[in-house]
Amino acid sequence: MLMRIPILSELLVHDQKSEDPLMAHLLSGMNFPDFPVPMGVFRQVKHPRFEESVQEQIQNQIEKKGKGDLRKLIRGPQVWEA
């Protein structure tokens with residue numbers, strides 16, 4: 001029996017830079033012998049590092065509320081027990 005060759009419009013094209021992780025997850029679950037084994041980069045999304053995000057949050061708060069004073073914080077009226 002001859003196999004029909006699919007036309008390009010019927011094929012699913014994987015984009016490793018897509019923000020949606022669904023396709024990469026589906027590819028990672030393909031196992032031999034039921035499926036061909038996918039190889040290569042499944043997902044390559046650029047996000048800021050955690051440290052960069054934290055520093056950005058700190059800078060935003062400093063711009064919004066000022067630098068702050070640790071001494072005022074420690075000796076201030078708000079107290080709590082640990």
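Meeting the requirement of 1 or more residues that are of a type in the set (D, E, K, R), the helices (runs of 4 or more DSSP H) wholly within the stretch 10-82 are 50-65, 70-75. Yes or no: the stretch 22-44 includes at least one residue that is exposed (fewer than 10 other Cβ atoms within 10 Å of the Cβ), within 15 Å of the chain's Cα centre (by Cα) and without any contact (Cβ under 8 Å) to a residue 24 or more places away in the chain. Yes, the stretch 22-44 contains a residue that is exposed (fewer than 10 other Cβ atoms within 10 Å of the Cβ), within 15 Å of the chain's Cα centre (by Cα) and without any contact (Cβ under 8 Å) to a residue 24 or more places away in the chain. Scanning the stretch 45-70 for residues that are surrounded by fewer than 10 Cβ atoms within 10 Å (Cβ to Cβ), farther than 30 Å from L22 by Cα and among the charged types (D, E, K, R) returns E63, K64, K65, K67.
Tell me yes or no: at least one residue of the stretch 3-14 is surrounded by 10 or more Cβ atoms within 10 Å (Cβ to Cβ) and out of contact with any His (no Cβ under 6 Å at 6 or more places or on another chain).
yes
Set side by side, the residues I7, I58 differ, and just one is among the β-branched types (V, I, T) and either modelled with pLDDT of 90 or more or in contact with a helix residue (DSSP H, G or I) (Cβ under 7 Å, 6 or more places away or on another chain) (or both), which is I58.
The values are calculated or read from the model by the stated rules, or taken from the named source; none is laboratory data. Model, not experiment: these values are computed from the prediction. Reconstructed Cβ throughout: ideal geometry from the backbone, glycine too, with neighbour counts over all protein chains shown.
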